[in-house]
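Working notes, structure below.
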Number of protein chains: 2
Amino acid sequence: MTSTLPSPPDARSALLGAATRLIRERGYAATSVNDLCREAGVSKGAFFHHFASKDELAVEAAKNWSAVTGALFREADYHLHERAADRVFAYLDLREDLLAGAVSEFTCLAGTLVQEAHGEDAIRAACAESILGHAATLESDIAQALADAGVPHSVTAQSLARHTQAVLQGAFILAKAEGDAAPVREGIGHLRQYLTTLFTPSAERSAP
Amino acid sequence: MTSTLPSPPDARSALLGAATRLIRERGYAATSVNDLCREAGVSKGAFFHHFASKDELAVEAAKNWSAVTGALFREADYHLHERAADRVFAYLDLREDLLAGAVSEFTCLAGTLVQEAHGEDAIRAACAESILGHAATLESDIAQALADAGVPHSVTAQSLARHTQAVLQGAFILAKAEGDAAPVREGIGHLRQYLTTLFTPSAERSAP
DNA sequence: CAACATACCGACCGGTCGGTCTGTACGCTA
DNA sequence: TAGCGTACAGACCGACCGGTCGGTATGTTG
């Protein structure tokens, strides 16, 4: 008795995986239904059996992306640190550790998809949920770290959490432009520096 | 005697303008040559008279984008401030002022294009030049502001200049996801706060 | 066993794609 | 006026697009 979940039919998840790979590589519009079927090793009949349209697949792929990355971050070690600020910095360390392989292997499906397809409301909404939902998982640690610093800050935890995602998304674009992960490492570095000043109690700063 | 440059044929610039509008609205792959011709009010013959291929138009559109935005920022007022830090903050003010109209009217053509077409090397290079070239125009002011603060900083002016562009590009993605400019304003706000701490002499911070 | 559902398969459809090609209108030079 | 180069115009091409549809193999249920 294996421990697989009450798995959905195989063709469906093969198509979701193919969509994730191909859209991250070449974008949504440039990926045809035939491409997806070939990559997934299924027929066109199977495609339209599981998804009503190409757009519906995009929405499901974005939801699947949320689920997969959600699980990855939920189960990661960075939550184990005692101090909230340490949890946030450990999250950034993890993001940096994830930068392996080709550019299309570490960039964000939701960011890529929404840039192209924000005109389609269902796709836009699924991508927004993916990006902002992930940002929301950082909010409580950031709020706690801000509170620990004990100073009234003009920035909110929500805004700061979203900012971390904006920096990552923007760094991914520079990475695509340069063909290299270096800009993402730099972006994370600036984020670390910014958060360090925000998380440092002002007492410590005025009396070093 | 008007002061127009030895202007290129009209169909060419109409196509460049159409490409800028349509690609920012719907992306590159989703914009067809026929769409471009219709929007520009020219025939398909005219299109392939001026551009060898759709990809070549994309490259030329990216170069044209560099030229247009380059002129806009070169001639802007923010250069007039005496203190380097003020010039940098005034640049951010200008970026915020530019956030008018629909999302596709303030987002970056080069960022949109490279996200989709980074697989095509000529397009990738033209977009990289546009984004990184613009970042480079900020470098000397940032370097000066850093020097004025008089502290050895661990960040370089180049890295910081590129970071400003990464933040903007990432904020554009959140803006597309939300359908609103608000995330860009927030991103610029965080940038202002980060730069403020970097540009503040440590003497001032340790003795407030 | 019949009756029905699910999960495909792949030929096929009308339409659109990027790109080609022939033709032509116009300006310049000689 | 002839001859030539540039700037189009738009019919046309084969490949490919997203999507449909009739069919089949394999359960499951009564």
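The values are calculated or read from the model by the stated rules, or taken from the named source; none is laboratory data. Since this is a predicted model, take the numbers as computed values, not measurements. Note: ideal-geometry Cβ built from the backbone for every residue, glycine included; neighbour counts use all protein chains shown. The accessibility values were calculated without ligands, DNA or RNA, using every heavy atom of the protein model including side chains. Shrake-Rupley method; radii C 1.70, N 1.55, O 1.52, S 1.80 Å.
Report, in deg cm²/dmol and to the nearest 500, the calculated mean residue ellipticity at 222 nm for chain B, where each DSSP H run with n ≥ 4 adds -39500 (n - 2.57) and the sum is divided by the residue count.
For chain B, the value works out to -24000 deg cm²/dmol.
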Point-charge dipole on Cβ atoms (K/R +1, D/E -1) for the stretch B:53-201, about Cα centre, debye to 20: 260
Candidate residues A:Arg74, B:Arg12, B:Arg24, A:Arg83: accessible-area rank, largest first, probe 1.4 Å: A:Arg74, A:Arg83, B:Arg12, B:Arg24
Gained length - A:Thr196 relative to A:Leu94, 0.36 nm times residue gap less alpha-carbon distance: 35.0 nm
Gain in span if fully extended, B:Asn34 to B:Asp148, counting 0.36 nm per residue against the direct Cα distance: 35.7 nm
Between the stretch B:116-187 and the stretch A:55-132, the alpha-carbon center distance in angstrom: 21
Among B:Val68, B:Ala136, B:Leu191 the positive-end extreme of the charge dipole of the stretch B:53-201 (Cβ point charges): B:Leu191
Most to least accessible of A:Ser66, A:Ser159 (protein chains only, probe 1.4 Å): A:Ser66, A:Ser159
Stokes-Einstein diffusion coefficient of the stretch A:54-206, Kirkwood radius over Cα pairs, 20 °C, 1.002 mPa s, in µm²/s: 131
Area of B:Glu186 that stays accessible when all protein chains are in place (1.4 Å probe, Å², to 10): 90
Test item: Cα-centred dipole of the stretch B:1-103, Lys/Arg +1 and Asp/Glu -1 on Cβ, debye: 360
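Mean separation of Cα pairs under 8 Å and 6+ residues apart, divided by the residue count of the stretch B:53-201: what relative contact order is that in percent?
Reported relative contact order: 26 percent.
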In Å², nearest 10: area of A:His190 left accessible to a 1.4 Å probe: 10
Approximate shape of the protein assembly as shown as ellipsoid semi-axes (Cα gyration tensor, √5λ), whole Å, largest first: 36, 32, 15
Test item: Cα-centred dipole of the protein assembly as shown, Lys/Arg +1 and Asp/Glu -1 on Cβ, debye: 460
Accessible area of the stretch A:13-142 divided out per residue, in Å², using a probe of 1.4 angstrom: 44
P(r) weight above 21 Å for the stretch B:1-94, C-alpha pairs, percent: 45
Within a Gaussian network of chain A (alpha carbon springs, distance under 10 Å), most fluctuating of A:Val88, A:Val155, A:Val42: A:Val155
Average partner coverage of A:184-195, which counts Cβ from other chains inside 10 Å: 4
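Could you tell me the number of lysine pairs in the protein assembly as shown with C-alpha atoms less than 20 Å from each other, where the two lysines are 8 or more residues apart or belong to different chains?
Working: A:Lys44/A:Lys54; A:Lys54/A:Lys63; A:Lys63/B:Lys176; A:Lys176/B:Lys63; A:Lys176/B:Lys176; B:Lys44/B:Lys54; B:Lys54/B:Lys63.
Close lysine pairs found across the protein assembly as shown: 7.
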A:Asp141, B:Asp10, A:Asp86, ranked by accessible area, largest first (probe 1.4 Å): B:Asp10, A:Asp86, A:Asp141
Share of carbon and sulfur in the accessible heavy-atom surface of chain A [1.4 Å probe, %]: 52
Solvent-accessible surface (1.4 angstrom probe) belonging to B:His81, in square angstrom, nearest 10: 80
